[in-house]
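We did not get these values from a lab; they are worked out from the coordinates using the rules stated. What you are looking at is a predicted structure, and each value in this text was computed from that prediction instead of being measured. Cβ placement follows ideal geometry from the backbone for every residue including glycine, while neighbour counts extend to all protein chains displayed.
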């Protein structure tokens, strides 16, 4: 990931020149406060949006958000904030973006046109998948309105929502519940299969063995722990979102919108969407409280797991009961299936497994 954003900027400029050769250089503020880079113009709305976007439970990001809000009334001062520099991007003046969110995909926000445009950032298969999945979802799943798509370039233009991203599951659980109920209709809309949990465990052992992880002491402990926990007899495998967390769920007045379907698959264990939201909270904030509470069947983690089992249990694991052992099973499934380019001990999956084992001592 280039810290100057040049690959992303090149992709943005390619998009605008694809639509018209009459581009003009615009200057943006560039800031990289964490997992994403942002390009922001000198408008109060853009600076306030960025402040809300980066504000979360970590002290550093809260400090960044505080600084952004201080200058939002005079946005031209943003360039003087530590960590902010300026860059030039060739765009179409009538359709110039106000904010660009740069990550595994690029999202361009335009306040006047009320549009959000998704670009591939070198991974066109993700945008094509997003377009494909969005076209197949049942109406019960609420997503922003699609305005224009291209599978050739590719890009997706959708209606910009005024909705605010959710916080962590612990902070916004009632709204996560609404999102999971929507996802349940998608699980039931597409074909799925019931897989015996014993067969799932065999698949996990085989996958971990292929990656030489079965000799790892933490993995050995986790697999041994699973044999002592009650698990569902079967698990449903079929369509799942694949990246459920607060950043992909928008609260727009009385609506809950689910976005970013590029990680979705028709071959995932569906209960994983719930556990993934807990893992994501741990990965982003470093706080494992809800994850370990759900695993140990106590506190608010138990409350969440109980509500999830009541609402979705029959669909995802054939029972309305709660199964805390699934909180450990999912990261093991994910670790067994993934092929990492970096040491697996650095991944959220392994870190979560290690944290659960430490909490079990």
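With the cut-off at 1.5 for a/c, could you classify region 179-281 from its C-alpha gyration tensor as rounded, prolate or oblate? Prolate is the answer for region 179-281, as a/c is 1.5 or above and a/b outweighs b/c. Taking Cα atoms only, the orientation of helix 124-136 departs from the longest principal axis of the chain by about 70 degrees. With Cα atoms defining each centre, region 289-340 and region 1-60 are spaced 36 Å apart in the structure.
If I take every Cα pair under 8 Å that is 6 or more residues apart in the chain, average their sequence separation and divide by the length, what percent do I get for the relative contact order? Spell out each step's value before the answer.
Values: 608 pairs, mean separation 47.0, N = 361.
Relative contact order for the chain comes out at 13 percent.
Across region 6-160, the relative contact order, built from alpha-carbon pairs under 8 Å that are at least six residues apart, equals 22 percent.
Would you list 151, 315 from fewest to most Cβ contacts within 10 Å? Please list the in-between numbers first.
Details: 151 12, 315 17.
By the 10 Å Cβ count, ascending, the order reads 151, 315.
Going by neighbour counts of Cβ atoms within 10 Å, the residues 244, 141, 316 line up, fewest first, as 141, 244, 316. Taking every alpha-carbon pair under 8 Å whose residues sit at least 6 apart, region 123-220 reaches a relative contact order of 22 percent. For the chain, the equivalent ellipsoid derived from the alpha-carbon gyration tensor has semi-axes of 38, 22, 20 Å in decreasing order. Under 1.5 on a/c is rounded, so check that first for region 95-171, then, if it is not, pick prolate when a/b is larger than b/c and oblate when it is not; a ≥ b ≥ c are the square roots of the alpha carbon gyration tensor eigenvalues. Rounded. Please work out whether region 17-173 counts as rounded, prolate or oblate from its C-alpha gyration tensor, where a ≥ b ≥ c are the square roots of the eigenvalues and a/c under 1.5 means rounded, while otherwise a/b larger than b/c means prolate and anything else oblate? Here region 17-173 falls in the oblate category.
Distance from the Cα centroid of region 113-167 to that of region 194-249 is 30 Å (rounded to whole angstrom). By how many degrees, 0 to 90 and rounded to 10, does the Cα axis of helix 272-285 deviate from the longest principal axis of the chain? The two axes meet at around 60 degrees. Between the Cα long axis of helix 169-189 and the first principal axis of the chain there is an angle of about 80°, rounded to the nearest 10.
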